[in-house]
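Worksheet: one structure, shown below.
The values are calculated or read from the model by the stated rules, or taken from the named source; none is laboratory data. Being a predicted model, the structure only gives us computed values, none of them experimental. We place every Cβ from the backbone using ideal geometry, glycine too, and count neighbours over all the protein chains shown. For accessibility, only protein heavy atoms count, side chains too; no ligands or nucleic acids. Shrake-Rupley method; radii C 1.70, N 1.55, O 1.52, S 1.80 Å.
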Amino acid sequence: MNYLSLPWPWALVFVLSYSSRMVAAVEQSSDQETEPHRRAAARDLTLATEYLRRYYGLQTEPSWRRKRSDSSLGNRLRDMQRFFGLNATGSLDSETLGVMKAPRCGVPDVLDYTDKSGSRWTKRIISYNIGRYTSDIPPATVDRLIDSALNVWGRVSPLTFVRSLSREADIMVDFAAREHGDSYPFDGPLGTLAHAFGPGEGTGGDAHFDDDELWTAGSHGFNLYLVAAHEFGHSLGLGHSTNPESLMYPTYKRQNQHNLLSREDVVKINILYGTRGILPYYYSKTSLSPYYNIWNLVPRYPLLMQDKCNPNLSFDAVTSVGDANMFFKDSYLWIKYDQQCETKEGPVRNFIPKIDSNIDAAYSVPQRSLVYLFKASKFWTMKGSQVRKKPKSIYKFGISKEVERLDAAVHVNDTGHTLLFVKDMYWSYNENRRAMVDSKPRYISEDFPGINASISAAVYKDGFIHFFVGPVVFKYNYVQKQVVSVGKANSWLGC
Ligand code: SRS
Ligand code: CA
Ligand code: ZN
Ligand code: ZN
């Protein structure tokens, strides 16, 4: 057989990489058949090799340069045959070729990560947002699966993923079909399941899922958790692996969902970001290397990450929102869900891009599903995750114009009144009548015996007002007008 009539580098690839059975299959035909058949057989070989290289991690290097023997063409061919329920013979028979040809018609290129792999995020708190959802799975389940898929990487690296309520997030997750606004239209059912962009600005980090697939939380279609975990590997800067045990292997496979990562996956993410305990040199404050000015290399993270368990931590504003509480401190926000240990956290602007720092006060009116956020003489209203565009003036409440900012605010569900605290005084606002109860403010110490300081933040919960005064929190029974307990403010964050 004259392999050298094939275009370079395929001639070399064929000579060096083909399993003997496959070569035999082609040789058999080429020995007996005429020139057109020989050319057809060579074309099939090219197609098969390209197909297996793309979708089954076939290494097209000469065997002496290959790292693993199991990445040989025969093994990859058997993987592919098993996937399609064909006889896993390792031979390029007509049935196998038929399957390979079918999905390739009109199938665009799979995003190539080889150039992009190795880039990394230069921060450790990475925000994500879920745009469009699939109708295959309930949205709350999608939320959970996406969160779990990110934490596959979060568990073995120092990265923290925070869900952003805004559309300005590092990793934008989206379900879409066919043409969807980037240069990589999806290909309908099967073929490519999803794609993701490596770390970077703009589309960098974004993960798109083909909504023509059947997405599932189980095993009958494509398991979203498995595919998302693979995609987020790309979002974090990982390329494909030729190791079939690896999550970053380029082809979907059902696998043990409790332990998705191979040792190789863990090592690769640790090379980029360090381990949970040990940071790589570009994060380390104590690096002794004379070659790096560590402060130039340290990303925003150390400046922004707040130690929630610092005993002196005080909050600027606290409010309930649904079954969670939001805690504001300077430009940072923690969101703690009532029933969960986990806290979401990050810069305020990751969650609410219109407001990036120094929320003075916040309260929520659950009956209206509204949250009010105060900053200096302005306030914003937030419904669900949407912050209304334009802020309004705090003087709309009837506060006198000398007041430049609030210290704290709390809505007492039982009375329908909102208390607005300013220094040693407070105003009481009737939410139903949308008017102040009194035209003048009253002294806090007179109406709330036991609370003799200006208030940093306040929240109403389970029939009590909780007054945060510096790093201390007072639980207050406003009917009996007495403090019932005192605790540390950050105990609310689980410290
Ligand atoms: S990516 N981020 N690496 C997406 C990757 C993926 O979709 N891989 C394809 C795949 O496994 N598809 C399964 C269904 C079709 C099987 C037919 C053969 N074949 C994510 C995944 C690793 C979780 C690769 C693939 C396999 C493929 C294909 C692509 C046929 C096109 C046509 C870009
Ligand atoms: Ca598809
Ligand atoms: Zn896309
Ligand atoms: Zn991939």
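Key figures
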read-out	value
Residue among Ser127, Ser164, Ser135 that is among the hydroxyl-bearing types (Ser, Thr, Tyr) and either within 16 Å of ligand 3 (Cβ to nearest atom) or surrounded by fewer than 18 Cβ atoms within 10 Å (Cβ to Cβ) (or both)	Ser135
Restricting segment 234-260 to residues that are more than 16 Å from ligand 3 (Cβ to nearest atom) and closer than 16 Å to Leu150 by Cβ, the residue that is surrounded by the fewest Cβ atoms within 10 Å (Cβ to Cβ)	Gln257
Test: residue in segment 185-201 that is of a type in the set (Gly, Ala, Ser), at pLDDT 90 or above and open to solvent by 20 Å² or more (accessible area, probe 1.4 Å)	yes
Neighbours by Cβ (under 7 Å, 6+ apart or cross-chain): first from segment 186-199, free of Cβ contacts under 8 Å to residues at least 60 places away in the same chain and among the aliphatic types (A, V, I, L, M); second open to solvent by 20 Å² or more (accessible area, probe 1.4 Å) and more than 13 Å from ligand 3 (Cβ to nearest atom)	Leu193/Phe222; Leu193/Tyr252
Matching option when the condition is within 12 Å of ligand 3 (Cβ to nearest atom) and over 16 Å from Leu145 (Cα atoms), among Asp187, Asp174	Asp187
Residue satisfying all of: in segment 208-231; assigned to a loop (DSSP other than H, G, I, E, B) and in contact with a Ser or Thr (Cβ under 6 Å, 6 or more places away or on another chain); surrounded by the fewest Cβ atoms within 10 Å (Cβ to Cβ) among these	Ala217
Odd one out for Pro185, checked against (1) within 23 Å of Ser119 (Cα to Cα); (2) within 14 Å of ligand 1 (Cβ to nearest atom)	(1)
Segment 51-96 - residue that is exposed (fewer than 15 other Cβ atoms within 10 Å of the Cβ), basic (Lys, Arg) and part of a helix (DSSP H, G or I) and, of those, modelled with the lowest pLDDT	Arg65
Filter pass, Thr160 being closer than 12 Å to Ile126 by Cα, of a type outside the set (Lys, Arg) and away from ligand 4 (no atom under 16 Å from the Cβ)	yes
Count of residues meeting criterion [more than 9 Å from ligand 1 (Cβ to nearest atom), under 17 Å from His258 (Cα atoms) and not β-branched (Val, Ile, Thr)] in segment 200-222	3
Selection from segment 323-381 of residues that are in a strand (DSSP E or B) and open to solvent by 70 Å² or more (accessible area, probe 1.4 Å)	Lys378
